[in-house]
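Before any comments, here is the structure.
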Amino acid sequence: MGTATVSPKVRTQHELQITRVFDAPRELVWRAWTDPAQMKQWYGPRQFEARNLTADVRPGGKWRDCLHSDGFTDSSGEWRTADVWQGGEYLELIEPERLVFTFHWEEGSGLPEHDTVITITFEEHAGKTTMNFHQAFFVTEEDRDGHMKGWNSSFEKLDEFLREVKHGH
């Protein structure tokens, strides 16, 4: 009997890694990820807003959100409106440097309903914060690529939000 292994290539095809540098101190970036009132301001891709976002930010605490859009063009080019529910559980919090939580689309969303684990680390250098975002494991590359588009769009909104907070607007 042999041992089943997953090749490194297959493993990386089913993981998402995004690194972003934000022009804001680490504490501000941490709060944007852990304060539900702040999360509502940026969480979700463009054309979507976080509605009904709740987050019990502690190990074992749950988070849940409805991504709402009055209209967007889907991958087939069709115009749609949407209310898509997602949620998960916080696994680890080391303020302000490491955040780990699960992510899943809720039943009926039409999206893959398995859990992935998101690990985010925050490193401050000269008043800027490097955020290393990792999400795994996806069942398909298509699912991973969809998350990559969504998260990158969310992180653009986060960057804008942090600029506003930093400058007191």
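Laboratory data are not the source of any read-out in this text; all were calculated from the coordinates shown. If you're wondering where the values come from, they're calculated on a predicted model, not measured in any experiment. Cβ coordinates were reconstructed from backbone atoms using ideal geometry, including for glycine residues, and neighbour counts include every protein chain displayed.
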Quick one: among A126, A37, A55, which has the greatest mean-square fluctuation in a GNM of the chain with alpha-carbon springs under 10 angstrom? A126
Just to confirm my numbers, what's the Cα centroid distance between region 112-165 and region 26-71 in Å? 12
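Rank the residues V29, V117, V139 as a footprinting-exposure proxy: fewest other Cβ atoms within 10 Å of their Cβ go first. Show your work: numbers first, answer last.
Details: V29 24, V117 15, V139 11.
Ordered by Cβ neighbours within 10 Å, fewest first: V139, V117, V29.
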Given charges at Cβ of Lys, Arg, Asp, Glu: the chain dipole, positive-most of Y90, L158, T129: T129
Which values of log₁₀ I(q)/I(0), to two decimal places, follow from the Debye formula for region 12-166 at q = 0.11, 0.14, 0.20, 0.21 Å⁻¹ with a uniform point scatterer at every Cα? -0.41, -0.68, -1.47, -1.62
In sequence order, what are the phi-derived ³J(HN,Hα) couplings for region 38-46 according to the Karplus relation 6.51 cos²θ - 1.76 cosθ + 1.60 with θ = phi - 60°, rounded to whole Hz, with x for glycine and proline? 6, 4, 4, 6, 9, 5, x, x, 3
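Determine the dipole magnitude for the chain: charges of +1 sit on the beta-carbon of Lys and Arg, -1 on that of Asp and Glu, nothing else is charged, the reference point is the Cα centre, and the result goes in debye to the nearest 20. Don't skip to the answer; put the middle values down first.
On the way: 19 positive and 29 negative charges, 75 e Å.
So the magnitude is around 360 debye.
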XL table K128/K149; K62/K128; K40/K149; K62/K149; K40/K166; Cα-Cα > 21 Å flagged, in table order, is K128/K149; K62/K128; K62/K149
Vicinal HN-Hα couplings computed from phi for region 153-166 (Karplus, 6.51 cos²θ - 1.76 cosθ + 1.60; Hz; Gly/Pro x): 5, 4, 5, 5, 5, 4, 4, 5, 4, 5, 4, 5, 5, 4
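Grab the other residues whose beta carbon is less than 13 angstrom from that of N132, score K and R as +1, D and E as -1, and report the net. Intermediate values should be presented prior to the final figure.
Values: positive: R20, R26, R98; negative: E15, E97, E123, E124.
Every neighbour counted, the sum reads -1.
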Cβ-derived FRET efficiency at R0 30 Å, E123 paired with H68, nearest 0.05: 0.35
If you put +1 on each Lys and Arg Cβ and -1 on each Asp and Glu Cβ, how big is the dipole of region 42-120 around its Cα centre, in Debye rounded to 20? 160
How large is ³J(HN,Hα) for each residue in region 109-121, as worked out from phi by the Karplus curve 6.51 cos²θ - 1.76 cosθ + 1.60 (θ = phi - 60°), to whole Hz, x for Gly and Pro? 6, x, 10, x, 9, 8, 6, 10, 10, 9, 10, 10, 10
